[in-house]
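Taking it in order: structure first as structure tokens, then the write-up.
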Amino acid sequence: MEDDFLVQVLNLYKNQKWKEIIELNKVDNAVAARKLLWVWPSESNLQMMDSTIRQFSLYGVISIGCGCGLFEWLLGQFSGLTVIGYEVNQEWWSSRYSNPQFIKLNFPDQPPTPEILFPDYALLFCYFNDGKAFREYISCYKGNLSRFWVK
Ligand SMILES: C[S@@+](CC[C@H](N)C(=O)[O-])C[C@H]1O[C@@H](n2cnc3c(N)ncnc32)[C@H](O)[C@@H]1O
């Protein structure tokens, strides 16, 4: 069941059918979906992010703790913005246990340094799970959108 869902998502991804992936939100497949994404975005979620980023005249998004990058790929497809993904544990993400990846994952040094956090990009933390690292990223960031909170 979970594998079927993953194959379905991968086929849609290969065919650039991002709208159909978003529609899977309506399918009752929470366990399988959660393996790929903690939050399955709606088009209106992506619209809100796109317009907020453009309102601040930013070039795109740096997603910290992007996981497999499916959310980020959907945002990039929807908006045309550049979406950069940062993760930790490159070895695991290169192993056979990891999920397939939907964007290129980057593995910055830890703790992070200001050069990797371009001030003309918004920072995105979606279900980020390391408070200490969160504070380190925020203290390196010289842009002004990281204080825009969405609940
Ligand atoms: C709960 S998962 C959320 C994944 C994805 N954002 C989502 O919403 O599905 C948190 C992610 O943050 C990553 N992470 C933890 N510490 C990190 C750090 N210091 N820098 C970048 N990513 C980190 C973890 O490897 C994990 O993939």
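One residue stands out in region 83-131 among those that are among the acidic types (D, E) and either under 15 Å from C68 (Cβ atoms) or part of a loop (DSSP other than H, G, I, E, B) (or both): the one that is farthest from the ligand (Cβ to nearest atom), namely D120. Take the residues in region 31-49 that are within 13 Å of the ligand (Cβ to nearest atom), open to solvent by 60 Å² or more (accessible area, probe 1.4 Å) and not in a loop (DSSP other than H, G, I, E, B); name whichever of them is modelled with the highest pLDDT. Filtering first and then ranking leaves N45.
Under the condition of being farther than 17 Å from L124 by Cβ and not polar (S, T, N, Q), the residues counted in region 23-42 number 11. Among all residues of region 118-132, there is at least one that is among the charged types (D, E, K, R), open to solvent by 20 Å² or more (accessible area, probe 1.4 Å) and within 17 Å of the chain's Cα centre (by Cα).
The values are calculated or read from the model by the stated rules, or taken from the named source; none is laboratory data. Keep in mind that what you see is a predicted model, and the values were worked out from it rather than measured. So basically every Cβ, Gly included, is an ideal-geometry build from the backbone, and we count neighbours across all protein chains shown. Heads up: the accessible areas ignore ligands, DNA and RNA and are worked out on the full protein's heavy atoms, side chains in. Shrake-Rupley method; radii C 1.70, N 1.55, O 1.52, S 1.80 Å.
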